[in-house]
1. Return the total of residues in the stretch 37-81 being more than 18 Å from the chain's Cα centre (by Cα) and open to solvent by 40 Å² or more (accessible area, probe 1.4 Å).
2. What do you reckon, is residue 125 aliphatic (A, V, I, L, M), assigned to a helix (DSSP H, G or I) and either in contact with a Gly (Cβ under 7 Å, 6 or more places away or on another chain) or surrounded by fewer than 18 Cβ atoms within 10 Å (Cβ to Cβ) (or both)?
3. Just to verify a result, which residue in the stretch 7-41, among those that are in contact with a helix residue (DSSP H, G or I) (Cβ under 7 Å, 6 or more places away or on another chain) and of a type in the set (Ser, Thr, Tyr), is nearest to residue 149 (Cα to Cα)?
4. Residue 217 - would you say it is modelled with pLDDT under 95 and either within 16 Å of the chain's Cα centre (by Cα) or small (Gly, Ala, Ser) (or both)?
5. Mind checking which residues of the stretch 183-202 are touching a Ser or Thr at 6+ places or on another chain (Cβ under 7 Å) and either of a type in the set (Asp, Glu) or open to solvent by 60 Å² or more (accessible area, probe 1.4 Å) (or both)?
6. Would you check which residues across the stretch 208-234 are more than 21 Å from residue 187 (Cα to Cα), touching a helix residue (DSSP H, G or I) at 6+ places or on another chain (Cβ under 7 Å) and not in a loop (DSSP other than H, G, I, E, B) and list them?
7. May I ask you to list the residues in the stretch 142-152 that are under 16 Å from residue 208 (Cα atoms), within 16 Å of the chain's Cα centre (by Cα) and not hydrophobic (A, V, I, L, M, F, W, C)?
Amino acid sequence: MAEIIVVTSGKGGVGKTTSSASLACGLARHGKKVVVIDFDVGLRNLDLIMGCERRVVYDFVNVTQGEASLRQALIKDKRFDNLFVLAASQTRDKDALTKEGVEKVLKDLAEDGFDYVICDSPAGIEKGAFLAMYFADQAVVVVNPEVSSVRDSDRILGLLDSKTKHAEDGESIKAHLLLTRYNPQRVDGGEMLSVKDVEEVLGLKTIGVIPESGDVLNASNKGEPVILDMESMAGQAYDDAVARLMGEERPMRFTQLEKKGFFSKIFGG
């Protein structure tokens, strides 16, 4: 049975699509059969970050409306044979997706032997976001360590607890916190919320802390999810998050301000 994971947030621009791409690549690197689906109808970006934008022929809406088969629309990743992308439509209206259409696609993917389905949700609480989370078994809530992002994510948690299939069946969705653009120096200076602050407000356990880094933008521009760059701290942090998602215990890195050594203080290193 495929595990359906929604990557969601209340606020736009916090790194959902970047995180969806890296989580999908990380799971595939662990040998899992993975598909990542872009639910942001009209504003697709996942194919750009995955580096397959020139290979999109059919999209998610084409499949849900019976205009193309799932096999025709799935794009196989060039780096991993067990990773696939289902792009969003750029030309359709957000109402083009239906609950019945999404359910059929998810069932077909499960029958095709996928281990994980990553649903890259649009921001906010409109229809695309609702459909991305409705069938989810787990949620990765992407948050920047700032008050507005945390407050908007609190609203999303309310929807996960009330407007999903699991909620309707009297069950709960396992939700994880993924903190992005984290800067320990700014946290230390009181400009940013700490990991503990965010955990306490949202009542979630942190699955990963992604440090603020230009590597993320550089990787996105190249169509290479940053998790593939294991030289970068962001890539290592996403790798840790994937391992924790799969049940592995790993220490939380990149959350503390590095203390300068004696010689660094003297010589300004």
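1. Qualifying residue count for the region: 15.
2. no
3. 9
4. It is true that residue 217 is modelled with pLDDT under 95 and either within 16 Å of the chain's Cα centre (by Cα) or small (Gly, Ala, Ser) (or both).
5. The answer is 199, and nothing else.
6. Matches in the stretch 208-234: 219, 220, 226, 227, 228.
7. 144
Conditions (1) among the small types (Gly, Ala, Ser); (2) modelled with pLDDT under 95; (3) touching a Lys or Arg at 6+ places or on another chain (Cβ under 8 Å); (4) within 28 Å of residue 92 (Cα to Cα), marked per residue:
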| site | (1), (2), (3), (4) |
| --- | --- |
| 121 | yes, no, yes, yes |
| 132 | yes, no, no, yes |
| 139 | yes, no, yes, yes |
| 152 | no, yes, yes, yes |
| 155 | no, yes, no, yes |
| 168 | no, no, no, no |
| 178 | no, no, no, no |
| 184 | no, no, no, no |
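The values are calculated or read from the model by the stated rules, or taken from the named source; none is laboratory data. This is a predicted model, so every value here is computed, not measured. Backbone-built Cβ (ideal geometry, glycine too); neighbour counts: all protein chains shown. Side chains are part of the model used for accessible areas, which takes the heavy atoms of the whole protein and leaves out ligands, DNA and RNA. Shrake-Rupley method; radii C 1.70, N 1.55, O 1.52, S 1.80 Å.
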